[in-house]
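*Asks:* Before I ask anything, let me first share the structure, which is written out below as structure tokens.
We did not get these values from a lab; they are worked out from the coordinates using the rules stated. The shown structure was predicted, so the numbers you read here are calculated from the model rather than taken from an experiment. Ideal geometry is used to build each Cβ from the backbone, glycine not excepted, and the neighbour counts take in all protein chains shown.
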Amino acid sequence: MARAKICGLRTRETWLAATDAGADWVGFVFFPRSPRFLTTEALKAIGADARVPRVGLFVDPEPAAIEAVLKVQDLEFLQIYAGAEACRAMRARFGAKVWRAVGVASAADLPRDDEGLDGFLIESKPPRGADRPGGNATAFDWAVMQRWQAPAPWLLAGGLTPANVAAAVRASGAAAVDVSSGVESAPGEKSVPLIRDFVAAAHAA
Ligand SMILES: O=C(O)c1ccccc1N[C@@H]1O[C@H](COP(=O)(O)O)[C@@H](O)[C@H]1O
């Protein structure tokens, strides 16, 4: 069984679908260039309570950006695209658990120590020319993780779908997986049936 995070939720309907399907984390994106970007108004309208741990995704954030979100929504986790030092600073400042996102193409990219953080989001490096560091529906060679001694908890992400998540778990040894594009009917448009299929496939893996 692999635990499942559904990221990039933008509506109350899809947040409810993820929680009812048994998702282990729900994620909200606060990166303006993303098709999944949420304003604080849209976030309030979702009304995400604590039944499933909530993850906020930020790219090179200024503390004020996180502060503005935390004024309207409690978050148990921050998924941050930044260096280790900046991630530790956010962890100390906000008291939430912090996962640092790490782009991986080969085994050399995998973290060797816990960096004083709570875990890692291990995903593919963005394709050349991409205007965001994640959420690009691209996978990497999961076999590079076979001999990795993980120094902290981690989630596998990047190009996962209901159809490939079992193979990804087998090849990588992941105990937790994360998806955004693979449960959408169009960029930013989550599909309730795909959310259900993904959580079921991850839990069965
Ligand atoms: O979803 C986005 O738009 C996004 C923007 C900036 C950084 C990360 C983003 N998404 C995260 O990337 C991984 C993999 O996503 P995908 O399944 O390949 O679409 C996942 O953690 C997303 O939440």
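*Asks:* Count the DSSP beta bridges whose two residues both fall in segment 3-204, then state the antiparallel fraction as a percent rounded to the nearest 5.
*Replies:* Within segment 3-204, antiparallel bridges account for around 5 percent of the total.
*Asks:* Further, regarding this structure: Exactly which trypsin sites (Lys or Arg not before Pro) in segment 1-79 are in a DSSP loop and have at most 15 other Cβ atoms within 10 Å?
*Replies:* Loop-located and lightly packed - ARG33, ARG51.
*Asks:* So for the pair GLU62, THR138, with labels modelled 7 Å out along Cα→Cβ, what separation do we get in nm?
*Replies:* Placing both labels 7 Å along Cα→Cβ, they lie 2.9 nm apart.
*Asks:* Taking R0 as 25 Å, what's the FRET efficiency between SER185 and ASP49 from their Cβ-Cβ distance, rounded to 0.05?
*Replies:* Efficiency at R0 = 25 Å is approximately 0.45.
*Asks:* For LEU78, list long-range residues whose amide hydrogen, built 1.01 Å from N in the peptide plane, is under 5 Å from its own amide hydrogen.
*Replies:* HN-HN under 5 Å from LEU78: GLY56, LYS97, VAL98, TRP99.
*Asks:* Pairs of Cα atoms under 8 Å, at least six residues apart: use those to get the relative contact order of the chain, whole percent.
*Replies:* 22
*Asks:* Another question, then. From the P(r) of segment 98-205, can you give the percent of Cα pairs sitting at distances over 18 Å?
*Replies:* Looking at segment 98-205, the distances longer than 18 Å represent 48 percent of pairs.
*Asks:* Against the globular-protein guess of 2.2 N^0.38 Å, express the Cα radius of gyration of segment 154-198 as a ratio, rounded to two decimals.
*Replies:* In units of the globular-protein estimate, segment 154-198 measures up at 1.12.
*Asks:* OK, next. May I ask for the net charge around GLY135, where only other residues with Cβ less than 12 Å from the Cβ of GLY135 are counted and Lys, Arg are +1 while Asp, Glu are -1?
*Replies:* My count for the surroundings of GLY135 gives -1.
*Asks:* Where in segment 132-162 is the amide nitrogen less than 19 Å from a point lying 7 Å along the Cα-to-Cβ axis of ALA86?
*Replies:* Answer for segment 132-162: 132-136.
*Asks:* Can you pull out the trypsin sites (Lys or Arg not before Pro) in segment 85-124 that DSSP calls coil and that have at most 12 other Cβ atoms within 10 Å?
*Replies:* Answer by residue number: ARG112.
*Asks:* Starting from segment 128-179, pick out the trypsin sites (Lys or Arg not before Pro) whose DSSP state is loop and whose Cβ has at most 11 other Cβ atoms within 10 Å.
*Replies:* Counting only loop positions with at most 11 other Cβ atoms within 10 Å, the trypsin sites (Lys or Arg not before Pro) in segment 128-179 are ARG128, ARG147.
*Asks:* At 222 nm, what helix-only mean residue ellipticity would the chain give, in deg cm²/dmol to the nearest 500, using -39500 (n - 2.57) for each DSSP H run of four or more?
*Replies:* -8500 deg cm²/dmol
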